Structures are given as C-alpha cells and as structure tokens.
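Undergrad: Dumping the structure here so I can ask a few things about it.
The values are calculated or read from the model by the stated rules, or taken from the named source; none is laboratory data. Just so we're clear, the structure is a prediction, and the values are computed from it rather than from any experiment. All Cβ positions, glycine included, derive from the backbone under ideal geometry; neighbour counts span all protein chains shown. What goes into the accessible areas is simple: the full protein's heavy atoms, side chains included, and nothing from ligands, DNA or RNA. Shrake-Rupley method; radii C 1.70, N 1.55, O 1.52, S 1.80 Å.
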Amino acid sequence: MAEIIVVTSGKGGVGKTTSSASLANGLARRGKKVAVIDFDVGLRNLDLIMGCERRVVYDFVNVVQGEASLRQALIKDKRFENLYVLAASQTRDKDALTREGVEKVLKDLSDDGFDYIVCDSPAGIEKGAFLAMYFADRAVVVVNPEVSSVRDSDRILGLLASKTRKAEAGERVQEHLLLTRYNPDRVEKGEMLSITDVEEVLGIKTLGVIPESNDVLDASNKGEPVILAGESAAGQAYDDAVARLLGEERPMRFTQAEKKGFFSKLFGS
C-alpha cells in the first residue's frame, strides 16, 4: 500500500515544487519506489525541475480523462529507475481533475507496487490543491519564515484537519513543517521568524530547515533537484528531511548564525 504525501502551502513561491522533487529523489535514492505527481494544472513546473520536460507526451489530465493510460503518461527518471514523474497539463482547466479520477490514479499506482506517492500541490485552496491533499496520509507544509506565509499555512492546516478523507473517517493526516529559505543571520536581527516562532503559531513540528541558498535556483535551472547537489547545504538539509520522514534521527543543521571571529569583527568582513 503506497503512502501518499502531499507537499502543500497556503502561499505561492515558497518552494513546494522544489521540495516535492527533492523529497521524491531522496526517497528513491533510499531504494523506495516513488511517483511524484504535479497537481498544478495550467502551470506545469515539476517536469522542469526534474529535468524531463522534453519527454512529456501525456499528462495527469489525459490519464484522469481516460485519454491515455497511466503507463503511457508516467515518465521514468533517468537517474533512478524506481522514480517516476506524472506531469500536469499546461493547456487544461483546473476543473479537468475529478476526485474519482484522482482516486483511480492513486489506487493504480499503489496496486503497481509504489511505496510513496508525492503530490505536488498548487498553492492556496482551489480545486487542484484540495484534490492533492484529500487522499493524503501525510502532509509536508512548506513555509517561509515570514508572517504572511505562516498565516496562509495555518488555513491549510485547518483544511487538512477537516476536508480530507482521513478527517472524514475521524483520523488525522500526519503533518510536518518544512521551513524553506531560512536565514539564521536575519533571524538574529529580528528580520525573520525563528523556527520556534513558526512551530508555536502552527502547532506542528519541524521536519526540516532548508537554508536560503542560490544552489536551489541553480539546481532548478539545470533540471536537477537540489538534494542531488551533495556539496550544497540546501541539498544536505533536504536529505536530512527525507531521513526524518523515514523515522531516522538527524540533528537539525544550518539553523545557527555563524559566529564571527575576532578579526572578522575587527575588520567587518
């Protein structure tokens, strides 16, 4: 039985697709059979970050609408043979997805032996976002450490607690906080919320803290998820998050501002 993980947020531009791609690659690198699905109909981006945009022939909507089989639409990753991508449609309306169609795709993937299905949700609370979270077993809520992002994510947590299949059955989706674009120096200066601040507002524990880094953009532009950039602090932080997702204990890195030495303080560099 596949475990369904939705990567979601209330606000756009916080790094959901980057996170979905890195989490999926991290799980696959650990030997899990993984499918990652782009639910953002009309604004397809996951295939770019996964580096398979030129290989998209059929998409998620084609499968839901019965215009292509799941096997035809799944794109096998070139780096990991146990990782597959299901791209979103760029030309259809968001209403093209139906609950019944999404449920069938998820069931077929589960029946085909997938261990994890990562659902890359659009931002906000429209239909695509609702369908991405409805069948979830776990939710990774991606948040930037700023007030607007935290406030919007609080609304998403309310939906996870009330509008999912698990909620209807009297159960709860397991929620994880993923803090992205974290800058400890700015936190120290009071320009950015701390990890504790965000945890206290949202009431969920932190799965990972991804430091602010140009490596994320560089990796995305290359079509390679940043988790595969082994020397990158952001890549290492995503790897830590995947380990915790699988139940491993990892210390939380990249959360403290660098202490300046005497000469750095003296010369201001």
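Undergrad: Consider the range 67-116. How many of its residues are of a type in the set (V, I, T) and surrounded by fewer than 15 Cβ atoms within 10 Å (Cβ to Cβ)?
TA: So the count comes out to 2.
Undergrad: OK, next. Cβ-Cβ distance below 6 Å, separation of 6 or more or different chains: which pairs start in the range 201-219 with a residue that is open to solvent by less than 80 Å² (accessible area, probe 1.4 Å) and end on one that is in a strand (DSSP E or B) and of a type in the set (D, E, K, R)?
TA: I204/E175
Undergrad: Looking at I125, I156, which one is closer than 23 Å to A24 by Cβ and either of a type in the set (A, V, I, L, M, F, W, C) or in contact (Cβ under 8 Å) with a residue 40 or more places away in the chain (or both)?
TA: Of I125, I156, the one residue that is closer than 23 Å to A24 by Cβ and either of a type in the set (A, V, I, L, M, F, W, C) or in contact (Cβ under 8 Å) with a residue 40 or more places away in the chain (or both) is I156.
Undergrad: Kindly provide the set of residues from the range 220-240 that are farther than 13 Å from N25 by Cα, part of a loop (DSSP other than H, G, I, E, B) and not polar (S, T, N, Q), ordered by number.
TA: Listed by number, the list holds a single entry, E231.
Undergrad: Mind checking whether some residue in the range 1-14 is without any contact (Cβ under 8 Å) to a residue 12 or more places away in the chain and either surrounded by fewer than 24 Cβ atoms within 10 Å (Cβ to Cβ) or on the phi > 0 side of the Ramachandran plot (or both)?
TA: no
Undergrad: Here's something else I'd like to know. Which residues, taken from the range 208-228, are of a type outside the set (A, V, I, L, M, F, W, C) and over 10 Å from G51 (Cβ atoms)? Outline the logic, then answer.
TA: Our first condition is that a residue be of a type outside the set (A, V, I, L, M, F, W, C); within the range 208-228, this holds for 208, 211-215, 218, 220-225.
Across the range 208-228, the qualifying residues are G208, P211, E212, S213, N214, D215, D218, N221.
Undergrad: Of everything in the range 42-73, what is within 19 Å of the chain's Cα centre (by Cα) and not acidic (D, E)? Give them in sequence order.
TA: Once the filter is applied, which keeps residues that are within 19 Å of the chain's Cα centre (by Cα) and not acidic (D, E), the range 42-73 yields G42, L43, R44, N45, L46, L48, I49, M50, G51, C52, F60.
Undergrad: Taking the condition of being small (G, A, S) and in contact with a Ser or Thr (Cβ under 8 Å, 6 or more places away or on another chain), how many residues in the range 195-229 meet it? Spell out how you get there, then give the answer.
TA: Taking the range 195-229 as the starting set, the residues that turn out to be small (G, A, S) are 203, 208, 213, 219-220, 223, 229.
From the residues that got through so far, the ones that are in contact with a Ser or Thr (Cβ under 8 Å, 6 or more places away or on another chain) too are 213, 219-220.
Summing the residues that are small (G, A, S) and in contact with a Ser or Thr (Cβ under 8 Å, 6 or more places away or on another chain) in the range 195-229 gives 3.
Undergrad: Could you please find all residues in the range 136-172 being hydrophobic (A, V, I, L, M, F, W, C) and open to solvent by 10 Å² or more (accessible area, probe 1.4 Å)? Give the derivation first.
TA: We begin by selecting, within the range 136-172, every residue hydrophobic (A, V, I, L, M, F, W, C); these are 136, 139-143, 147, 150, 156-157, 159-161, 167, 169.
Answer for the range 136-172, where residues must be hydrophobic (A, V, I, L, M, F, W, C) and open to solvent by 10 Å² or more (accessible area, probe 1.4 Å): V147, L157, L159, A161, A167, A169.
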